[in-house]
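J.: To start, I am sharing the structure in question, which I have written as structure tokens.
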Amino acid sequence: MFANFLNQIYKVDDIFFLIVGISVVILAFITIAMIFFLIKFNRKKNPVAKDIEGNLLLEIIWIVVPTILVIIMFYYGWAGFRAMRNPPEDAMPVKVTARMWSWSFTYENGLKSNELNVPLNKPVKLIITSEDVLHSLFIPVFRVKEDAVPGMETYLWFLPDSLGKYDLFCTEYCGTGHHAMISKVNVMSPEEFYQWYEKKGEAEDIKAKDALILMEENGCLGCHTTDGAVEVGPSFKGLFGHVTVVITNGKERVVTVDEEYLKKSMLEPDADVVKGFDAIMPSQKDVLTDDEIQTIIDYIKDLND
């Protein structure tokens with residue numbers, strides 16, 4: 001089902017199969033016992049009910065055996081939990097910032113990415129926080145999941161040992177764009193990773209990046225459409241040059257959507273909220289560069305053609 005990763009994944013899977021195995025055995029025993037008692041003590045064979053006295057040995061067995069099973073499951077669960085909460089000292093730290101509805105990954109050298117790039121066979125520690133509401137980072141292939149909580153930092157770690165692209169998504173409902181809060185974990189060879197890492201993002205020249213990809217990575221398309229359909233926020237189609245009513249400091253006023261307005265709406269989304277829509281958009285300050293903002297504005301302008 002998943003790639004073969006060597007680390008706490010085996011511990012999680014082993015504990016899962018242990019608990020399932022114990023449960024199946026108990027289920028089979030109870031089912032067989034029920035069928036046996038239904039046949040042996042049915043009404044036709046026992047027309048007159050009889051009192052059954054207690055059995056001390058059986059009472060001891062059904063107390064001691066379940067207790068031992070619970071202790072075994074707890075022990076292996078606790079051992080697995082401790083392994084998952086104690087990252088190796090040489091783990092590479094990556095700061096993860098969750099926001100409606102996108103992920104941002106910041107590396108020690110200041111490099112930022114919308115996808116999590118990691119080197120093969122290198123422990124990775126994710127330090128997680130949220131800029132707005134509660135989110136939850138989940139990477140199924142690594143069997144790791146941790147909440148992103150506003151105002152505090154949480155963490156998790158994993159050790160990738162197979163090259164490839166793997167899903168990363170939010171598992172805590174965080175609004176209408178929750179379904180689109182998806183990213184990727186790219187496990188690279190050490191040579192490829194450090195070549196990307198040392199360039200500090202130069203390889204991802206914004207001028208060569210498609211505006212649609214940029215908006216999708218930053219969660220813009222979770223609220224805004226490009227075909228004229230109105231969802232959480234106004235559609236980008238036909239927006240530029242449009243005269244609209246906004247709420248500024250609790251009062252209505254009329255504005256023309258130009259480059260200055262679009263840029264301000266990205267950096268200070270609560271300043272001029274379009275009438276009829278909720279002020280739920282997070283600020284793109286420190287998220288989008290000036291070049292990225294201009295790329296999005298140019299794309300919105302092109303939608304008027």
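J.: State all residues of the range 107-121 that are of a type outside the set (S, T, N, Q), in contact (Cβ under 8 Å) with a residue 40 or more places away in the chain and in contact with a strand residue (DSSP E or B) (Cβ under 7 Å, 6 or more places away or on another chain); if no residue qualifies, say none. I'd like the intermediate steps shown before the answer.
T.: If we filter the range 107-121 for residues that are of a type outside the set (S, T, N, Q), which is where we start, we get 107-108, 110-112, 115-116, 118-120.
Cutting the leftovers down to in contact (Cβ under 8 Å) with a residue 40 or more places away in the chain gives us 107, 110-112, 115-116, 118-120.
Within the range 107-121, Tyr107, Lys112, Glu115, Leu116, Val118, Pro119, Leu120 meet the criteria.
J.: Being within 26 Å of the chain's Cα centre (by Cα) and of a type outside the set (Val, Ile, Thr) is the filter here, so list the residues in the range 271-283 that pass it.
T.: The first filter runs over the range 271-283 and keeps only residues within 26 Å of the chain's Cα centre (by Cα), leaving 278-283.
Correct list: Asp278, Ala279, Met281, Pro282, Ser283.
J.: Among the hydrophobic types (A, V, I, L, M, F, W, C) and within 17 Å of Ile296 (Cβ to Cβ): does that describe Leu168? Break it down into steps so the answer makes sense when it comes.
T.: Details: among the hydrophobic types (A, V, I, L, M, F, W, C): yes; within 17 Å of Ile296 (Cβ to Cβ): no.
Answer is no for this residue.
J.: Anything in the range 239-261 that is assigned to a loop (DSSP other than H, G, I, E, B), farther than 15 Å from Gln294 by Cβ and of a type outside the set (A, V, I, L, M, F, W, C)? List them, or say none. Break it down into steps so the answer makes sense when it comes.
T.: Pass one, the range 239-261, residues assigned to a loop (DSSP other than H, G, I, E, B): 239-242, 249-250, 257-258.
Right, trim to farther than 15 Å from Gln294 by Cβ and you get 239, 241-242, 249-250, 257.
If the condition is that a residue be assigned to a loop (DSSP other than H, G, I, E, B), farther than 15 Å from Gln294 by Cβ and of a type outside the set (A, V, I, L, M, F, W, C), then Gly241, His242, Asn249, Gly250 are the ones that fit.
J.: Moving to a separate point now. Identify the single condition in (1) part of a strand (DSSP E or B); (2) touching a residue at least 40 places away in the same chain (Cβ under 8 Å) that Thr129 does not satisfy, given that it satisfies every other one.
T.: (2)
J.: Moving on to the next point. When the residues of the range 154-178 are narrowed to those that are farther than 19 Å from Val141 by Cα and touching a helix residue (DSSP H, G or I) at 6+ places or on another chain (Cβ under 9 Å), which ends up modelled with the highest pLDDT?
T.: Filtering the range 154-178 for residues that are farther than 19 Å from Val141 by Cα and touching a helix residue (DSSP H, G or I) at 6+ places or on another chain (Cβ under 9 Å), the one modelled with the highest pLDDT comes out as His178.
J.: If you don't mind, there's one more thing I want to ask. Look at Lys264 and say whether it is buried (at least 16 other Cβ atoms within 10 Å of the Cβ), assigned to a helix (DSSP H, G or I) and either of a type outside the set (Phe, Trp, Tyr) or not assigned by TED's automatic domain parsing to the domain that holds Leu212 (or both). Break it down into steps so the answer makes sense when it comes.
T.: Details: buried (at least 16 other Cβ atoms within 10 Å of the Cβ): no; assigned to a helix (DSSP H, G or I): yes; either of a type outside the set (Phe, Trp, Tyr) or not assigned by TED's automatic domain parsing to the domain that holds Leu212 (or both): yes.
No.
J.: Looking only at residues that are assigned to a loop (DSSP other than H, G, I, E, B) and touching a strand residue (DSSP E or B) at 6+ places or on another chain (Cβ under 6 Å) in the range 78-106, which one is nearest to Glu172 (Cα to Cα)?
T.: Let us first name the residues in the range 78-106 that are assigned to a loop (DSSP other than H, G, I, E, B), namely 85-91, 100-101.
So of that shortlist, the ones also touching a strand residue (DSSP E or B) at 6+ places or on another chain (Cβ under 6 Å) come out as 87, 91.
Values: Pro87: 24, Ala91: 26 Å.
The extreme case among them is Pro87.
J.: Tell me which of these Asp286 doesn't satisfy, since it passes every other one: (1) part of a loop (DSSP other than H, G, I, E, B); (2) modelled with pLDDT of 90 or more.
T.: In the conditions (1) part of a loop (DSSP other than H, G, I, E, B); (2) modelled with pLDDT of 90 or more, Asp286 misses (2) alone.
J.: Still on this structure, please answer the following. Can you report the number of residues in the range 8-50 which are modelled with pLDDT of 90 or more and either among the small types (Gly, Ala, Ser) or touching a strand residue (DSSP E or B) at 6+ places or on another chain (Cβ under 6 Å) (or both)?
T.: 4
J.: Follow-up question, since we're still on this one. Please determine whether any residue of the range 47-68 is in contact (Cβ under 8 Å) with a residue 12 or more places away in the chain and not assigned by TED's automatic domain parsing to the domain that holds Lys145.
T.: At the first step, the residues of the range 47-68 found to be in contact (Cβ under 8 Å) with a residue 12 or more places away in the chain are none.
Checked the range 47-68: no residue is in contact (Cβ under 8 Å) with a residue 12 or more places away in the chain and not assigned by TED's automatic domain parsing to the domain that holds Lys145.
J.: Would you confirm, using the coordinates I've provided, whether Ile32 is surrounded by 10 or more Cβ atoms within 10 Å (Cβ to Cβ), touching a residue at least 24 places away in the same chain (Cβ under 8 Å), assigned to a helix (DSSP H, G or I) and among the β-branched types (Val, Ile, Thr)?
T.: Working: surrounded by 10 or more Cβ atoms within 10 Å (Cβ to Cβ): yes; touching a residue at least 24 places away in the same chain (Cβ under 8 Å): no; assigned to a helix (DSSP H, G or I): yes; among the β-branched types (Val, Ile, Thr): yes.
It is false that Ile32 is surrounded by 10 or more Cβ atoms within 10 Å (Cβ to Cβ), touching a residue at least 24 places away in the same chain (Cβ under 8 Å), assigned to a helix (DSSP H, G or I) and among the β-branched types (Val, Ile, Thr).
The values are calculated or read from the model by the stated rules, or taken from the named source; none is laboratory data. All values reported here derive from a predicted model rather than from experimental measurement. When we count neighbours, we look across all protein chains shown, and the Cβ atoms used for this are built from the backbone with ideal geometry, even at glycine.
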